[in-house]
């Protein structure tokens, strides 16, 4: 490893102060019926409480979500108020890249002294997504009524194609073999259930009880509901919706939230239950694939990032990605010449679903936990997003005592 | 007869300069009367002055306007409400409540005795002099300089006027006037913390009008505010370190201790209440150190007036369950500082311990007053909770911790918080100062009976204490919670309390239950009924409302009075049991009580009976199996299955316990009572609902 820069030398992610809800598949849990913003904020408060981080420590809050929610206009200040804190903040979104973008924005906020402890709160509810009504006099329809989730999935206005069509097109371009794609799917499910069995998920996912208006239990969010064991035989028998794309080989819509903190090195040591662990952001990049080839965009982003930093996959201890289509992973394997089995070792969004806003946040949290288990190292996080976008970032999980000495920009 | 007497501990009446209950019984009259005191405070009828309440439209002022107007109107005392021209009408808002309590005619009459005047805060309106102000109750904002200037203005205009401040926080020595600090809700709560050198005519007037003045020491913030602000502070500190939402902390505080401190702030009005709590804690922290230091969120909210509970559209969505370890930590976080604060107040001898205890219960909604809670913990456990708290909040250990204040838990002042006893060598008087019967009252009553027994007193009068208990409402139903799941717990409770009640029947040659005040219901009436004689004041409501909860009376209400009544009166007893409706005392003579009269007559009658000089004969008591219990008739149709189930269970219990000899009846009725408590009807009723709301959170 030769690259020693840190993108935001002042920013750190305090180990063990993070958490995520489980991601129940859409329409399968109480989350389908609540204000997801309020749920996310109250859950963040709960998660921080469990991690022994007083919310009074927060001085800024960055939200990330992609589907409109009730009172979204009032943004981060309102959600902070639901747990009793009057702090500033704002909201951002970039489809499935939202979780990573929010983390990067929080790091920038710390770097620019815009806050010493910045909360990242990402969430989405795909269930019963709102329908926007857009008067449009220049359109033949005069007025568009747009179902925010499904109609966006089904139509990229820039290309006129559906998301699923990009997977088929990419599979054709890279001449993927259906059987290999099915093997990836099967393996991804195995990885997930092994992680679950080992108790790994219990360290990142927090069970949450949802109350109805009367204060009675409406539902318990303690499973990635909708995720079931799968067999090669079943996968093989699935109808192709597009080239190499089956119901099993694509993710499903889900609801959920995930949160983490970004802070300074000193505050990270105070807030973390393991102050010796130092987590910093090393590098980031974004790119855009050709029209209608979204599944190859993450691989292109990683290639670009490696070109910038000089790293290779050999330098990476943990690789985690958002893979709405299994074809993403096969393409990555081909372009980076890397065994797809070595990616997403504790599970991924192909399996546990796709609430967009918090997806990459959960992937990041899982990746950082895995790196800590391995004794540290670089964590590569990457994924695709609407518009054939690819995003990638590298984090370093290291030793705090050593960190200050290796950071060129702080010397 | 000897004029001296001895008591287990000082009577709280004595702190008001009113002697003891025994003296009242022996004299056949209460120590003071309202008419004379009104003359003393407001002048004679031909020169009657007025009472002025400044800040009359505020929360405190408007409540006290109603409370004093309704009591002083019969004596021709005008209540002048003084406030700023732009003060919103607080008095008008109280009128519906007045109508609900007194009816439209009386309410209109009471309002007719109220005059409202406006002023600019500095110059008194000329019209005020026409009402001859004699007593000013000041309820203006908690700003010391403004208050002092206000008193100076009044004294200049009306030399000799008596002034009391309703302040919750400023010592009398800082204000330069006496303090009469009332408790929320102000139109109905009767308690006043009084600060004055010696009990005044005003204080005694409050008492004679049925209010509850309690003398307390002159300190920054009085007992109620130390407890109320203290528990709120403890809750906020717990929030600060754990993020537990305010609403959930409130639920846990209610579960383990009784109050909803943060809900109370919102109910009182967050803007004012937040400021008062902050102000109280701020001054206390200056005086006593970090134990009372306000939290950052309280400091913020005293400025913003933000509520603690979320608005309706943000009703809590994510629950917050505590593990058993969390709950232990929580109990330390709340009990620790409260014990330390209580020890501080005991160290400073701020009041009679029974006062301190009662203020916690009556005004701050603690299930057990703090002294009672400490007593049940024991000194060692209480100190260890404080030590554990100091690990959570190390700065609190730095000052104001008087561990030695808990050294004397075995002394009568600690042991008899709710029940006192005195005797003159011949007659004993036992008084209860808690409106509802619970395990503490039961234990203290037993100790009082033992104490009289040791002095070989064979005649006893049992009554309320004429001070802290202005009525006797029955059993404390929170004591039934363990019985909702466990028949043995219910049976044991019933047998224990009944055995105590039976001592009134067996341990004395003569026992007289004296019922005064507004009402005597349920378990308290069952207790009184165990006396050989029952005397009640006219108009007092007597009833056994258990069926409405529903529960089955567990202190022999289903058979004891049948054994003392003529068969012809049994239907009345049965109707009382099965309807749950109260009856005026004078309508129950002969079958429930033995004599009724005015207060003074009742006192004299009770003393005469206890002395053996009364002509009232003791009713026969049938210890055998009773026969011929009638079928209930004339009952209104049961409204709902719950009442129907209650009626059936009570009737079954009455039949079984009346049909058995006295020796067996105790356990029979206890069994019926306990078994019913585990039924769905009881669990769905008021006790079960309260349990779920309070304990199953």
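Quick notes on this structure:
- Enumeration of residues in region A:90-107 that are surrounded by 24 or more Cβ atoms within 10 Å (Cβ to Cβ) and under 30 Å from residue B:299 (Cα atoms): A:106
- Unique residue being within 14 Å of chain B (Cβ to nearest Cβ), touching a helix residue (DSSP H, G or I) at 6+ places or on another chain (Cβ under 8 Å), touching a residue at least 12 places away in the same chain (Cβ under 8 Å) and surrounded by 20 or more Cβ atoms within 10 Å (Cβ to Cβ) when the list is A:21, A:29, A:65: A:21
- Considering residues of region A:70-81 that are within 13 Å of another protein chain (Cβ to nearest Cβ) and surrounded by fewer than 24 Cβ atoms within 10 Å (Cβ to Cβ) only, the residue modelled with the lowest pLDDT: A:70
- For residue A:238, the criteria (1) surrounded by fewer than 20 Cβ atoms within 10 Å (Cβ to Cβ); (2) within 30 Å of residue B:244 (Cβ to Cβ) hold in every case but one, which is (2).
- Tallying residues that are out of contact with any strand residue (DSSP E or B) (no Cβ under 6 Å at 6 or more places or on another chain), within 7 Å of another protein chain (Cβ to nearest Cβ), over 15 Å from residue A:18 (Cβ atoms) and in a helix (DSSP H, G or I) within region A:32-49 yields 2.
- Residue count for region B:364-395, restricted to those that are touching a helix residue (DSSP H, G or I) at 6+ places or on another chain (Cβ under 8 Å), in a helix (DSSP H, G or I) and under 30 Å from residue B:480 (Cβ atoms): 11.
- Members of region B:68-89 found to be touching a strand residue (DSSP E or B) at 6+ places or on another chain (Cβ under 9 Å), buried (at least 21 other Cβ atoms within 10 Å of the Cβ) and assigned to a helix (DSSP H, G or I), listed by number: B:68, B:69, B:72
- Flag for residue B:55 being in contact with a helix residue (DSSP H, G or I) (Cβ under 6 Å, 6 or more places away or on another chain), over 18 Å from residue B:201 (Cα atoms) and either assigned by TED's automatic domain parsing to the domain that holds residue B:610 or without any contact (Cβ under 8 Å) to a residue 40 or more places away in the chain (or both): no
- Qualifying residue in region A:86-93 (condition: within 14 Å of another protein chain (Cβ to nearest Cβ) and either at pLDDT 95 or above or in a helix (DSSP H, G or I) (or both)): yes
- Tally of residues being free of Cβ contacts under 8 Å to residues at least 40 places away in the same chain and either surrounded by fewer than 24 Cβ atoms within 10 Å (Cβ to Cβ) or out of contact with any helix residue (DSSP H, G or I) (no Cβ under 9 Å at 6 or more places or on another chain) (or both) across region B:542-570: 3
- Residue within region B:99-115 that is touching a residue at least 12 places away in the same chain (Cβ under 8 Å), part of a loop (DSSP other than H, G, I, E, B) and assigned by TED's automatic domain parsing to the domain that holds residue B:208 present: yes
- Among the residues making up region A:180-227, a single one is assigned to a loop (DSSP other than H, G, I, E, B), free of Cβ contacts under 8 Å to residues at least 60 places away in the same chain and either more than 14 Å from chain B (Cβ to nearest Cβ) or buried (at least 17 other Cβ atoms within 10 Å of the Cβ) (or both): A:199.
- Of A:258, A:301, all but one fail to be out of contact with any helix residue (DSSP H, G or I) (no Cβ under 9 Å at 6 or more places or on another chain) and surrounded by 19 or more Cβ atoms within 10 Å (Cβ to Cβ); the exception is A:301.
Here's the yes/no breakdown for (1) buried (at least 22 other Cβ atoms within 10 Å of the Cβ); (2) more than 19 Å from the chain's Cα centre (by Cα); (3) farther than 29 Å from residue B:435 by Cα; (4) in the same structural domain as residue B:42 (by TED's automatic domain parsing):
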residue	(1), (2), (3), (4)
B:151	no, yes, yes, yes
B:155	no, yes, yes, yes
B:158	no, yes, yes, yes
B:164	yes, yes, no, yes
B:169	yes, yes, no, yes
B:177	yes, yes, yes, yes
B:182	yes, no, no, yes
B:188	no, no, no, yes
B:192	yes, no, no, yes
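- Unmet criterion (only one of (1) away from chain B (no Cβ under 14 Å); (2) more than 14 Å from the chain's Cα centre (by Cα); (3) in contact (Cβ under 8 Å) with a residue 60 or more places away in the chain) for residue A:52: (1)
- Listed by position, the helices (runs of 4 or more DSSP H) enclosed by region B:243-317 that each have at least 3 residues that are under 30 Å from residue A:212 (Cα atoms) and within 14 Å of chain A (Cβ to nearest Cβ) are B:246-256, B:261-268, B:296-304.
- Scanning region A:357-387 for residues that are surrounded by fewer than 24 Cβ atoms within 10 Å (Cβ to Cβ) and over 23 Å from residue A:276 (Cβ atoms) returns A:386, A:387.
- Some residue of region B:229-240 being within 14 Å of chain A (Cβ to nearest Cβ) and out of contact with any helix residue (DSSP H, G or I) (no Cβ under 8 Å at 6 or more places or on another chain): no
The values are calculated or read from the model by the stated rules, or taken from the named source; none is laboratory data. Predicted model only: the values in this text are computed from it and were never measured. For neighbour counting, all protein chains shown are included, and Cβ atoms are generated from backbone atoms with ideal geometry for every residue, glycine included.
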